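See below for the structure under consideration.
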Amino acid sequence: MKEPTKIIAAGRPRKRPHHPVNPPVERASTYLFPTYDDYADGGKNIVYGRLGGPTHRALEDAIAAIEGGVETRLAPSGLQAVNAALLAFVRAGDKLLVADTAYDPTRKFCERFLARFGVETIFYDPMIGAKIDALITPEVKAVFAESPGSLTFEVQDIPAIAKAARAKGARLIVDNTWSAGIHFKPLAAGAHVSVQAGTKYHSGHSDCLIGSISSADEETAKLVFHALLQLGANVSADDAYLTLRGLRTLSARMPVHEANGLALAKFLARRAEVAAVLHPAIRGAAGHAIWKRDFSGASGLFGAVLHPVSKPALKTFFNSLRHFGMGFSWGGFESLCIHTHPENNRSATAWTRSGPVLRIHAGLEHVDDLVEDLERAFAAMKAVRS
């Protein structure tokens, strides 16, 4: 099946007389077994509410089909999915390599939580590529990549990193949320695990929190499952249903996010107020050649660096926006714009640009209205500066 068809067909109810189009929401903590033999067998697939029911399995099957994994497991948030994936592979005395541009809560989990249990995190330059081989010592059990990187959108050479990790016996985990699993396939590129915050594009409606962990092989999948099991992670059937419903329109939504994002990026590149546009699909962006080689398209999330402005002028810019909201997420139908601080989240690399960094999510509004909104905000900002 082509991918749009796969997104529609995967995880649908089995055909029977009068079967529903969508899997129904099945809320349950306790499942009853009809016979002792069924009970002793453990139910194979549906055992206890915390381990998921039919609604969860339908979503897991659909995401596994998109990611190309042997199995997908759900987590209550994207961060929980990241944390569980990391915990599946490291123990006291191990080392972990993490891209210096990773999502800040991922970074804090490594620095503050894993460190308490004797796991050392080494942050690496996201543009290191095959040279990461020199960092993968016998103590390194996992490599964590996020491509494009959070806030500054550097694209990593995942095939090269995967080759180096596999040669040294380390597992590669990739945060694949930016591509929604549509535009990039980390497992096909050699990664062991692809993690997503389904809160973003999979849900698509900014009304639930959920994460997914897709594994490339049975051994990896077993370790991931046991990590989630021992953490007591649980996703509500309602959130699984909302995400599965949102997923059905993913292939229709993503082209609009991409087109709007590219149009806004090109508009911003022409503005005198903008020093740089941080969009993987724009020539000159960090890792653009890798993006062009490995990705089939772009999402609606990117960054822009303004020339230095006063704090009152910057506040006026944000307070003048009408279509762009200020909120700590992205991937929904609505456009967002926030002020970020990549300089606070680096140790292996330095962020040297002096102007404010904007993180922009292009939603599904008409792009002319979004451009007009930014023009109005820039005009208001200029009035304060002058």
statement: Total charge of the residues flanking D294 in space, meaning their Cβ is under 14 Å from its Cβ, with Lys and Arg +1 and Asp and Glu -1, is +2
Over the chain: helical MRE at 222 nm, DSSP H runs n ≥ 4 each giving -39500 (n - 2.57), nearest 500: -10500 deg cm²/dmol
statement: Rounded to two decimals, the Debye log10 I(q)/I(0) of region 176-236 (Cα scatterers, no solvent) at q = 0.19 Å⁻¹ is -0.78
- prompt: Per residue, what volume in Å³ does the Cα convex hull of the chain take up?
  reply: 146 Å³
Gaussian network model of the chain, Cα within-10 Å springs - most flexible of R253, R16, R27: R16
query: What are the semi-axes of the equivalent ellipsoid for region 21-153, taken as the square roots of 5 times the Cα gyration tensor eigenvalues, largest first, in whole Å?
result: 36, 18, 14
- request: Could you pull out every residue, at least 5 positions away or on a different chain, whose amide H is within less than 5 Å of the one on D217? Hs are placed 1.01 Å off N in the peptide plane, and Pro or chain starts have none.
  value: V70
message: Please give the Cα centre distance for region 26-55 versus region 190-205, rounded to the nearest Å.
response: 27 Å
query: Highest GNM mean-square fluctuation, the chain, Cα pairs closer than 10 Å: which of A130, A350, A40?
result: A40
task: Sorted from largest down, give the three principal axis spans of the alpha carbons of region 277-371, whole angstrom values.
output: 39, 33, 21
- prompt: Taking the Cα centre of each part, how many Å lie between region 272-295 and region 124-183?
  reply: 19 Å
statement: Highest GNM mean-square fluctuation among F33, F295, F144, for the chain with Cα springs under 10 Å, belongs to F33
- request: With a cut-off of at most 12 other beta carbons within 10 Å, and DSSP calling the residue loop, which chymotrypsin sites (Phe, Trp or Tyr not before Pro) in region 36-116 qualify? Please list them.
  value: none
- prompt: Among the DSSP beta bridges whose two residues both lie in region 3-247, what percent are antiparallel, rounded to the nearest 5?
  reply: 40 percent
query: Can you give me the relative contact order of the chain as a percent, contacts being Cα pairs under 8 Å and 6 or more apart?
result: 17 percent
- line: In region 46-79, the GluC sites (Glu not before Pro) that sit in a DSSP loop and have at most 14 other Cβ atoms within 10 Å of their own Cβ are none
field: Counting all C-alpha pairs of region 1-87, share separated by more than 16 Å (%)
entry: 65 percent
statement: The rounded separation in angstrom of the Cα centers of region 88-114 and region 353-386 is 35 Å
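All of the numbers you see were taken from the coordinates with simple rules; none came from a lab. Everything numeric here is computed off the predicted structure, so don't read it as measured data. Note that each Cβ is placed from the backbone with ideal geometry, even for glycine, and that neighbours are counted across all protein chains shown.
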